[in-house]
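Encoded as structure tokens, the structure appears first; notes follow it.
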Amino acid sequence: MTSANRREFLKGAGDTIPLILGAVPFGIIFGTLASGAGLSFEAVMGMSIFVFAGSAQFVAIGLVSQGAGWLVIVLTTLVVNLRHLLYAASLIPYYRKLSGRWKFLLSFGLTDETFAVAYARYREKDDSENKHIYNLGSMALMYLNWNLCTLVGLTIGKTVPGIEKWGLDFAMPATFIGMVIPYLVNTPMWAAVFTAGIFSVALNFLPHKLGLMAAALAGVTAGMICDSLNRRQGVKHG
């Protein structure tokens, strides 16, 4: 690895550290809860190693513990991860020149935290051709952290009575809020977030996390309607 690539890699990892602080307790609690949901040690670690999708993994183990059918689990986790389509769409211009191997690798490691820091780096006005290495540095640190925290939850977390009730999982929503707010730059975005938030709270009573699916769809719908109205008003004023 060249010195320029090394600098990009380390900078990507370093810029991700503040976001990891919220992911650490989230990962430990995941490992702890997953071990109590009837999944084997190998299954839980395999999920973190090969799936590497924190929120989807949490939803999946919750549904497994409730005895939900595989179709409900697949559809729910699919809806939870639909946001990655938006991430991917934003990164296409920067991934276009990369090889198939790089696209596969970076797509696998596309988490919320990595998208937040990598997208900001890609948009910086400089001539660096190594921004994908920055992306890799962020991804590598997130991947290592998530799997280590899963392991800690599986081995140490379950020896601590009631750790899942300590409220440590609040760190992750707080991190998400901190990542999302800077990107809310217009009315449709605010409408989507506000609507999804209201629906997720109001429909929290629904079984199998169906409230999340409904909230996501409501948020997207609200954003699209608001954007359509803005476009119509622009046409009229034009």
Among the residues of segment 174-190, write down those that are of a type in the set (Phe, Trp, Tyr) and at pLDDT 75 or above.
TRP190
Just checking, which of LEU75, LEU71 is part of a helix (DSSP H, G or I), out of contact with any helix residue (DSSP H, G or I) (no Cβ under 6 Å at 6 or more places or on another chain) and either free of Cβ contacts under 8 Å to residues at least 40 places away in the same chain or among the β-branched types (Val, Ile, Thr) (or both)?
LEU71
Do any residues in segment 47-60 that are over 13 Å from CYS149 (Cβ atoms) and part of a loop (DSSP other than H, G, I, E, B) have Cβ atoms under 7 Å from those of residues that are of a type in the set (D, E, K, R) and open to solvent by 20 Å² or more (accessible area, probe 1.4 Å), where the two are at least six apart or on different chains, and which pairs are they?
none
Could you check ALA118 against (1) open to solvent by 20 Å² or more (accessible area, probe 1.4 Å); (2) under 15 Å from the mean Cα position of the chain (by Cα); (3) closer than 16 Å to ILE92 by Cα and say which number it fails?
(1)
Residue satisfying condition, being open to solvent by 60 Å² or more (accessible area, probe 1.4 Å) and in contact (Cβ under 8 Å) with a residue 12 or more places away in the chain, within set LEU151, LEU86
LEU151
So for segment 113-120 (the condition being closer than 13 Å to PHE52 by Cβ and either modelled with pLDDT under 90 or in contact with a Lys or Arg (Cβ under 6 Å, 6 or more places away or on another chain) (or both)), does at least one residue qualify?
yes
Candidate set: segment 99-112, residues that are open to solvent by less than 20 Å² (accessible area, probe 1.4 Å) and part of a helix (DSSP H, G or I); chosen: the one modelled with the lowest pLDDT:
ASP112
Matching entry among ILE28, ILE20 (being modelled with pLDDT of 85 or more and either within 24 Å of LYS131 (Cβ to Cβ) or assigned to a loop (DSSP other than H, G, I, E, B) (or both))
ILE20
Across segment 194-238, which residue is nearest to ALA60 (Cα to Cα) among those that are open to solvent by 40 Å² or more (accessible area, probe 1.4 Å), at pLDDT 85 or above and β-branched (Val, Ile, Thr)?
VAL201
Determine, yes or no, whether ALA37 is free of Cβ contacts under 8 Å to residues at least 60 places away in the same chain and either open to solvent by 30 Å² or more (accessible area, probe 1.4 Å) or not aromatic (Phe, Trp, Tyr) (or both).
yes
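The values are calculated or read from the model by the stated rules, or taken from the named source; none is laboratory data. These numbers come from a predicted model, not from an experiment. Methodologically, a virtual Cβ is constructed for each residue, glycine included, from the backbone with ideal geometry; neighbour enumeration extends over all protein chains shown. All accessible areas refer to the heavy atoms of the entire protein, side chains included, with ligands and DNA or RNA removed. Shrake-Rupley method; radii C 1.70, N 1.55, O 1.52, S 1.80 Å.
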